[in-house]
Amino acid sequence: MQKGKASIMFEEPPCIYSAAAIAGQKEGEGPLGACFDQVETDPMFGQTDWEAAESELQRRTALLSIEKSGIAREKIRYLFGGDLLGQIVATSFGTAELEIPLFGLYGACSTMGEALSLAAITVGGGFADCVMAMASSHFASAERQFRFPLAYGNQRPFSATWTVTGCGSVLVGKRGLREENKHIRPIARITGITTGKIVDMQFRDSMNMGGAMAMAAVDTILQNFRDMGAEPGWYDRIITGDLGAVGQNILLDMLKQAGFDVGGIHMDCGMTIFDRASQDTHSGGSGCGCSAVTLCSYILPKIQDGTWKRVLFIPTGALLSQISFNEGKSVPGIAHGVVIERAERR
């Protein structure tokens with residue numbers, strides 16, 4: 001199943017059996033508002049602090065994805081999940097109640113791609129029949145972690161992005177999964193993955209994450225083409241996580257220089273989730289939750305209904321911390337590719 005340097009093409013593709021997306025009020029006011037399972041108008045999610053709010057967001061989304069699947073919680077062997085916070089505390093506290101063995105992940109905003117990849121490898125390798133993949137972010141908890149106190153009211157440059165308050169969760173399982181002798185119909189299948197590597201362009205602008213991540217996305221897309229023997233026309237959409245308008249321009253220019261014009265099929269989750277003209281999000285949306293909720297609420301339904309037959313989903317991440325940036329370090333990027341196709345009709 002190994003393809004080229006960094007890819008896998010599954011002999012028996014794992015399937016996605018359910019997807020749940022819960023988002024905040026600002027996200028609910030955007031173009032995808034009607035697509036989310038739930039829109040929470042209380043940014044605190046009934047909790048006393050921002051970090052606890054994100055944990056509650058994760059808990060609710062995980063339970064909803066289980067409920068939508070019809071699969072008993074006890075049948076879920078592993079959970080792959082993460083967030084943006086130090087020690088991934090939103091995940092640690094948010095998933096404890098589920099009592100599912102946990103692999104806690106940190107890939108910055110690429111975490112949903114990492115979670116899906118590891119979930120697919122685990123199922124495709126026969127190590128589990130059913131697992132969960134999940135990622136979240138929260139605007140206020142991320143601002144406190146990485147930037148300024150909200151009350152500071154600092155000005156944001158137009159290259160900056162707006163961290164999405166949202167969580168997406170999917171259940172990934174082997175083909176032919178049954179529950180109480182009843183066949184469960186899959187939404188889509190994961191036919192391959194291309195694992196990204198760290199790409200450090202010595203970028204040092206913490207207010208331009210799209211610029212920091214763009215070359216990592218370019219690298220993963222080109223690696224996918226080489227490993228899979230693919231070209232842009234093989235996909236209905238090539239979907240990056242949160243490059244925003246600035247990062248998208250870099251991506252399209254660099255791919256064109258490499259001989260590939262993907263302008264007609266490229267989509268960026270950060271540019272899709274908000275209306276830049278009316279919502280004042282500058283370059284677009286960002287955060288682990290950006291690609292996760294867009295996948296679960298918008299991308300997978302379009303694959304399920306046949307609008308798109310095959311997409312390359314590439315969540316993108318900027319690997320910085322408050323400490324590393326304050327010490328003058330650069331902002332490396334990473335991007336993980338997941339090939340998602342329409343499920344076979346049976």
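The values are calculated or read from the model by the stated rules, or taken from the named source; none is laboratory data. All values derive from a computational prediction rather than experimental measurement. Cβ sites come from the backbone with ideal geometry, for glycine too, and all protein chains shown count toward neighbours.
Checking every residue in region 338-345 against the condition of being within 13 Å of MET209 (Cβ to Cβ) and either of a type in the set (Phe, Trp, Tyr) or buried (at least 24 other Cβ atoms within 10 Å of the Cβ) (or both) gives zero matches.
Could you grab me the full set of residues in region 1-44 that are touching an Asp or Glu at 6+ places or on another chain (Cβ under 8 Å), of a type in the set (A, V, I, L, M, F, W, C) and either crowded, with 24+ Cβ neighbours inside 10 Å or assigned to a loop (DSSP other than H, G, I, E, B) (or both)? Listed by number, the residues that qualify are MET1, ALA6, ALA20, ALA21, ILE22, ALA23, PHE36. Residue check: is LEU85 of a type outside the set (Gly, Ala, Ser), under 29 Å from VAL331 (Cα atoms) and buried (at least 22 other Cβ atoms within 10 Å of the Cβ)? So LEU85 passes the test. Only a single criterion out of (1) buried (at least 23 other Cβ atoms within 10 Å of the Cβ); (2) more than 17 Å from the chain's Cα centre (by Cα); (3) of a type in the set (Phe, Trp, Tyr) is not satisfied by PHE80, namely (2). Of the residues making up region 83-123, those that are in contact with a helix residue (DSSP H, G or I) (Cβ under 7 Å, 6 or more places away or on another chain), part of a helix (DSSP H, G or I) and farther than 20 Å from SER7 by Cβ number 8. With respect to (1) surrounded by fewer than 16 Cβ atoms within 10 Å (Cβ to Cβ); (2) at pLDDT below 85; (3) within 24 Å of ILE314 (Cα to Cα), the lone exception for GLN155 is condition (3).
Take GLY126 and decide whether it is modelled with pLDDT under 95, small (Gly, Ala, Ser) and part of a loop (DSSP other than H, G, I, E, B). For GLY126, the condition - modelled with pLDDT under 95, small (Gly, Ala, Ser) and part of a loop (DSSP other than H, G, I, E, B) - is not met. Can you give me the number of residues within region 292-346 that are in a strand (DSSP E or B), of a type in the set (Val, Ile, Thr) and in contact with a helix residue (DSSP H, G or I) (Cβ under 7 Å, 6 or more places away or on another chain)? Count: 6.
Which condition number in (1) assigned to a helix (DSSP H, G or I); (2) over 18 Å from the mean Cα position of the chain (by Cα) is the one that GLN47 fails? Of (1) assigned to a helix (DSSP H, G or I); (2) over 18 Å from the mean Cα position of the chain (by Cα), only one is false for GLN47: (1).
Here's a check for you: in region 183-202, which residue that is at pLDDT 95 or above and farther than 28 Å from ASP305 by Cα is surrounded by the most Cβ atoms within 10 Å (Cβ to Cβ)? Only one residue tops the list, namely GLY196. Here GLY264 meets the list (1) in a loop (DSSP other than H, G, I, E, B); (2) over 26 Å from LYS5 (Cα atoms); (3) modelled with pLDDT under 95 almost entirely, failing just condition (3). VAL246 fulfils the conditions (1) touching a Leu at 6+ places or on another chain (Cβ under 6 Å); (2) modelled with pLDDT under 95; (3) among the β-branched types (Val, Ile, Thr) except for a single criterion, (1). Within region 31-53, residues that are among the hydroxyl-bearing types (Ser, Thr, Tyr) reach no partner that is assigned to a strand (DSSP E or B) and loosely packed, with under 15 Cβ neighbours inside 10 Å with beta carbons closer than 8 Å at six or more positions or on different chains. Criterion applied to GLY210, GLY247, GLY289, GLY233 was being closer than 23 Å to GLY28 by Cβ, of a type outside the set (S, T, N, Q) and in a helix (DSSP H, G or I), and the one residue passing it is GLY289. For region 289-296, the count of residues that are at pLDDT 95 or above and either within 20 Å of ARG185 (Cβ to Cβ) or surrounded by fewer than 24 Cβ atoms within 10 Å (Cβ to Cβ) (or both) is nonzero. Contact map, region 249-261: first residue of a type in the set (S, T, N, Q), second residue crowded, with 17+ Cβ neighbours inside 10 Å, Cβ cut-off under 9 Å, separation 6 or more or different chains; pairs are ASN249/GLY210; ASN249/ALA214; ASN249/LEU243. Looking only at residues in region 203-235 that are out of contact with any strand residue (DSSP E or B) (no Cβ under 6 Å at 6 or more places or on another chain) and acidic (Asp, Glu), the one that is surrounded by the most Cβ atoms within 10 Å (Cβ to Cβ) is ASP205.
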